[in-house]
Structure formats: structure tokens, C-alpha cells
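All remarks here apply to the structure that follows.
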Amino acid sequence: MIISSHVGAGAFVGMAVPRLGPALAAGFLSHLVMDALPHWGTGPGTESEWLPIARKDGVAGLAAMALLTAAAPADRRIGVFAGMVGACLPDTDKVGRYFVGSSPWPARFDRFHEAIQNEARHRLPREVATAAALTAAGTLALRLLATRHR
């Protein structure tokens, strides 16, 4: 799944779970649940296919994190940010393998994380639409929440 989708979902997690530790943990769990759903992916050994998309998605994910964090009311901001960070953490396995040649996670977790994937190459357009919808809906929800707090 592209990271931008995880970011959007993590923001919703942080809205529901506003405390740092629980939001981080719930975001992490949301990642695993989402990875079990049908999503885009290229599978192992296809770095040349996913890397250009991952680069663009990484930038989009960071932009979405900034937008969603800024839209959050002050009393929810840390939870929203922690939910997003937690939702992204499991994919640091890919970053670790690419940059330093190994995942930061125990091999047992990596095997589990890979086993739950339900990936197919043709799902990228749906995934981009999902990420955009989650970011837009999250931003709107956070702005509405912020107006209620005023």
C-alpha cells in the first residue's frame, strides 16, 4: 500500500485516539489491517518498478502529514501526528532495505508483514484515489473539529 494511504488513515486514528502512545500503537495496527486489504504493490524483487512511485508517494505522504497536522486542533495535534507516524512505521522495512541493506524490524515481524500483503500491480489508480480521499476527508474533519473547539 502506498504510504499516503497509511498517512490518511493514521490521521483518523489520531482523531479518535488523541494521546501519544495509544495513537502511535493504534496507527501501527491500522497499517497492518490496511495491508491485509487488496492494494497496489509489485512484490519482492521489483525495485525498479516501485521505486519511482515510492519516491513520489513519499513526498506526497510528507505533504499530507504536514497538511493534516496543521489542520488539527491544538489538543488533537499530537495524537493525529502520532497516529500518522505509527501508521507509517511498519514500512520502514523497505526504507531500511533500500538505504542500509536491512530492515529495522525482527525477521519474524518482516515475514508476518510480507505474508499479509494482498498486492496487485493494477490497483495503483484506486490506491492514489484512496490516499487523496483520506487526506481530503481527514483535513475537512480536522477543520470541523477545530471550529467546534473555538
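Here are the numbers for this structure:
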{"quantity": "Every pair of residues 6+ apart whose Cβ atoms lie under 8 Å, when the first sits in the stretch 104-122 and is over 16 Å from THR92 (Cα atoms) while the second is open to solvent by 60 Å² or more (accessible area, probe 1.4 Å) and of a type in the set (D, E, K, R)", "calculated": "ARG121/GLU49"}
{"quantity": "Single residue of the stretch 71-84 satisfying the filter (open to solvent by 50 Å² or more (accessible area, probe 1.4 Å) and over 17 Å from the mean Cα position of the chain (by Cα)) that is farthest from VAL17 (Cα to Cα)", "calculated": "ALA74"}
{"quantity": "Subset of the stretch 133-147 [without any contact (Cβ under 8 Å) to a residue 40 or more places away in the chain and of a type outside the set (Val, Ile, Thr)]", "calculated": "ALA136, LEU140, LEU144"}
{"quantity": "Of all residues making up the stretch 93-109, the number that are modelled with pLDDT under 95, open to solvent by less than 70 Å² (accessible area, probe 1.4 Å) and either part of a helix (DSSP H, G or I) or closer than 20 Å to ASP57 by Cα (or both)", "calculated": "2"}
{"quantity": "Members of the stretch 1-59 found to be over 20 Å from ALA120 (Cα atoms) and part of a loop (DSSP other than H, G, I, E, B), listed by number", "calculated": "VAL17, PRO18, ARG19"}
{"quantity": "Boolean, VAL13 is open to solvent by 10 Å² or more (accessible area, probe 1.4 Å), within 14 Å of the chain's Cα centre (by Cα) and of a type in the set (A, V, I, L, M)", "calculated": "yes"}
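Here is a yes/no grid of residues against (1) touching a Lys or Arg at 6+ places or on another chain (Cβ under 8 Å); (2) open to solvent by less than 60 Å² (accessible area, probe 1.4 Å); (3) farther than 25 Å from LYS56 by Cα; (4) modelled with pLDDT of 90 or more:
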residue	(1), (2), (3), (4)
ARG111	no, no, yes, yes
ALA115	no, no, yes, yes
ARG123	no, yes, no, yes
GLU127	no, yes, no, yes
THR135	no, yes, no, yes
LEU140	no, no, no, yes
THR147	no, no, yes, no
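The values are calculated or read from the model by the stated rules, or taken from the named source; none is laboratory data. These figures come from a predicted structure and were not determined experimentally. Positions of Cβ are backbone-derived with ideal geometry, glycine not excepted, and every protein chain shown enters the neighbour counts. Each accessible area value is taken on the protein alone, full model and side chains, heavy atoms only, with ligands, DNA and RNA left out. Shrake-Rupley method; radii C 1.70, N 1.55, O 1.52, S 1.80 Å.
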